[in-house]
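Comments concern the structure below.
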Amino acid sequence: MKIAIIGSRGYPVVYSGYETFVGELSERLVRLGMEVTVYCHRNLFRDRPRRVNGVRLVYIPTIEKKILSQFIHSLQSMIHACLSGYDVILAVNSANGPFGLFSRIGRRRTAINVDGLEWLRPKWRGLGSRYFHWASRQAVRFFDRVITDSPEMQRVYREEFRADSTMIAYGANVPPPAAPALLDRWQLQPRQYYLIVGRLIPDNNADLIAREFSASASTRKLVIVGDVPYKDRYAGSMRRKTDPRLVFTGYVTDPDELAALFQHCHAYFHGHEFGGTNPVLLQALANGCAVVALDTVFNREMLAGGDFGLFFRKEAGGLQRLIREMEERGDVLDGLRRKAPQRIRENYSWEKITTQYVRLFEELAR
């Protein structure tokens, strides 16, 4: 079976999120005997081999503008894929929903992984928000199968667009233990810091978490991993905070260092507000973190209603009180750390996710 994957920046991983998904899935599909082609942003790859780890690569140029780059690349990739004889075309990102029109014209079988509620995110206010909502509606209209990554997201698409979807979650790998010495770069000690990982954007709520932490009497540090790749008022205001207990690492690209930060934190704070199965929350569970998450339907779903984590709300003082309780009741966090990887092995392993995609592709190809 020949599978094409479009809509990411490419393979091997050049960013995160979708690219990680494309890498984990395509490598496993190749090992199962499928012919997999990934469409890549030409300008992001200095070397352009035709195959890596058995995955065939096609490099498509695009216009290097922040807003247009991915849009133009996906449009060209879809047209090329429709002319290339694949059995199934898999697109990622709901922004690519309108391009399903070309696969309809070319009579190609398609699926699209729509990810989260992009039209609700603050960074896409106005025209961007309206486009994502419209594009998601077109995905439902033109693609043979819409893939949502959580039962709650499945419900959203059913109510918002009156459309059924196939639920296949995102995945994670449980990594080996990471040496505490990897924390020396930031002068950190195991269990003597809390952790945030994610882009510094409003809907990840790092400002709320930092404010509540600064109001607490904790003697630990709060380590904030992440940034944004552009000049931004919100990210700048975060970095200007004066609490000496706050540690800003910027991006951490070394996977061993990131694993060490996860594995040795006292607790991981997850403030992501929109979306289904969140990759960073899966990483935290895979690395055995005690998770403290914003109380949303998506986070409750991933943490099994509280079996695998604690919750806080956006009310003033709520997280501050929870921090005080966590510092007094370390046994609760110990229990969460012990069983966190179990959630990944049973529900979010890449092997399980790959099996579900294979079943979907076989149904479409028939």
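The values are calculated or read from the model by the stated rules, or taken from the named source; none is laboratory data. Note that this is a predicted model, so its numbers are computed, not measured. In this analysis, Cβ positions are derived from the backbone assuming ideal geometry, glycine residues included, and neighbour counts consider all displayed protein chains.
Number of residues in the range 119-139 that are at pLDDT below 70 and outside any loop (DSSP other than H, G, I, E, B) equals 5.
Considering only residues in the range 1-44 that are small (Gly, Ala, Ser) and more than 19 Å from ARG109 (Cβ to Cβ), the one that is farthest from the chain's Cα centre (by Cα) turns out to be GLY10.
Residues in the range 32-82 that are surrounded by 20 or more Cβ atoms within 10 Å (Cβ to Cβ) and of a type in the set (Gly, Ala, Ser): SER74, SER77, ALA81. Against the numbered list (1) over 15 Å from ASP203 (Cβ atoms); (2) surrounded by fewer than 24 Cβ atoms within 10 Å (Cβ to Cβ), CYS289 comes up short only at (2).
Residue count for the range 344-366, restricted to those that are in contact with an Asp or Glu (Cβ under 6 Å, 6 or more places away or on another chain) and of a type in the set (Val, Ile, Thr): 0. Of everything in the range 293-311, what is in contact (Cβ under 8 Å) with a residue 60 or more places away in the chain and either crowded, with 21+ Cβ neighbours inside 10 Å or within 20 Å of ASP207 (Cβ to Cβ) (or both)? Give them in sequence order. The answer is LEU294, PHE298, MET302. The lone criterion from (1) touching an Asp or Glu at 6+ places or on another chain (Cβ under 8 Å); (2) under 14 Å from LEU195 (Cβ atoms); (3) of a type in the set (Val, Ile, Thr) left unmet by VAL297 is number (2).
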